[in-house]
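The values are calculated or read from the model by the stated rules, or taken from the named source; none is laboratory data. Source: prediction; values computed, not measured. Ideal geometry is used to build each Cβ from the backbone, glycine not excepted, and the neighbour counts take in all protein chains shown. Remember, those area values only see protein heavy atoms, side chains included, never the ligands or the DNA or RNA. Shrake-Rupley method; radii C 1.70, N 1.55, O 1.52, S 1.80 Å.
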Amino acid sequence: MADLYLKNLESERRQLWATARLKGLPKDTPERRRIAEIDEAIAAHKAKKVG
(Lines give C-alpha, C1' and ligand atoms only; values in the text may rest on other atoms or scores of the structure.)
Protein backbone atom coordinates (compact mmCIF):
# COMPACT_ATOMS: atom_id res chain seq x y z
CA MET A 1 0.00 0.00 0.00
CA ALA A 2 1.23 3.47 -0.85
CA ASP A 3 2.35 5.78 1.93
CA LEU A 4 0.24 8.81 1.04
CA TYR A 5 1.63 11.01 3.83
CA LEU A 6 5.18 10.50 2.60
CA LYS A 7 4.18 11.04 -1.04
CA ASN A 8 2.39 14.27 -0.10
CA LEU A 9 5.43 15.59 1.78
CA GLU A 10 7.79 14.72 -1.06
CA SER A 11 5.48 16.32 -3.62
CA GLU A 12 5.22 19.54 -1.62
CA ARG A 13 9.00 19.58 -1.19
CA ARG A 14 9.62 19.17 -4.93
CA GLN A 15 7.18 21.97 -5.72
CA LEU A 16 8.72 24.35 -3.17
CA TRP A 17 12.25 23.48 -4.28
CA ALA A 18 11.41 24.18 -7.93
CA THR A 19 9.90 27.54 -6.98
CA ALA A 20 12.90 28.43 -4.83
CA ARG A 21 15.33 27.51 -7.62
CA LEU A 22 13.42 29.45 -10.29
CA LYS A 23 13.23 32.57 -8.15
CA GLY A 24 16.72 32.18 -6.69
CA LEU A 25 15.42 32.52 -3.16
CA PRO A 26 17.93 32.89 -0.30
CA LYS A 27 17.98 30.44 2.62
CA ASP A 28 16.04 32.61 5.07
CA THR A 29 12.79 32.80 3.07
CA PRO A 30 9.59 31.07 4.27
CA GLU A 31 9.70 28.66 1.33
CA ARG A 32 13.23 27.50 2.13
CA ARG A 33 12.37 27.18 5.84
CA ARG A 34 9.35 25.02 4.91
CA ILE A 35 11.62 22.80 2.80
CA ALA A 36 13.81 22.25 5.87
CA GLU A 37 10.73 21.43 7.98
CA ILE A 38 9.55 18.95 5.36
CA ASP A 39 13.01 17.32 5.29
CA GLU A 40 12.82 16.82 9.06
CA ALA A 41 9.28 15.42 8.83
CA ILE A 42 10.30 12.98 6.07
CA ALA A 43 13.31 11.80 8.08
CA ALA A 44 11.20 11.34 11.22
CA HIS A 45 8.53 9.46 9.30
CA LYS A 46 11.05 7.12 7.66
CA ALA A 47 12.76 6.50 11.01
CA LYS A 48 9.42 5.67 12.63
CA LYS A 49 8.57 3.36 9.73
CA VAL A 50 11.88 1.46 10.02
CA GLY A 51 11.94 1.00 13.75
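Remarks
- Qualifying residue in region 17-26 (condition: open to solvent by 70 Å² or more (accessible area, probe 1.4 Å) and of a type in the set (A, V, I, L, M, F, W, C)): yes
- Beta carbons closer than 6 Å, at least 6 apart along the sequence or on distinct chains, pair a first residue in region 24-51 that is closer than 14 Å to Lys7 by Cα with a second that is open to solvent by 60 Å² or more (accessible area, probe 1.4 Å) for Ile38/Arg13.
Each row is one residue, and each column tells you yes or no for (1) modelled with pLDDT of 95 or more; (2) exposed (fewer than 11 other Cβ atoms within 10 Å of the Cβ); (3) basic (Lys, Arg); (4) not in a helix (DSSP H, G or I).
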site: Tyr5; (1), (2), (3), (4): no, no, no, no
site: Arg13; (1), (2), (3), (4): yes, no, yes, no
site: Asp28; (1), (2), (3), (4): no, yes, no, yes
site: Ile35; (1), (2), (3), (4): yes, no, no, no
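- From the list Ala47, Ala41, the lone residue that is assigned to a helix (DSSP H, G or I), open to solvent by 60 Å² or more (accessible area, probe 1.4 Å) and among the aliphatic types (A, V, I, L, M) is Ala47.
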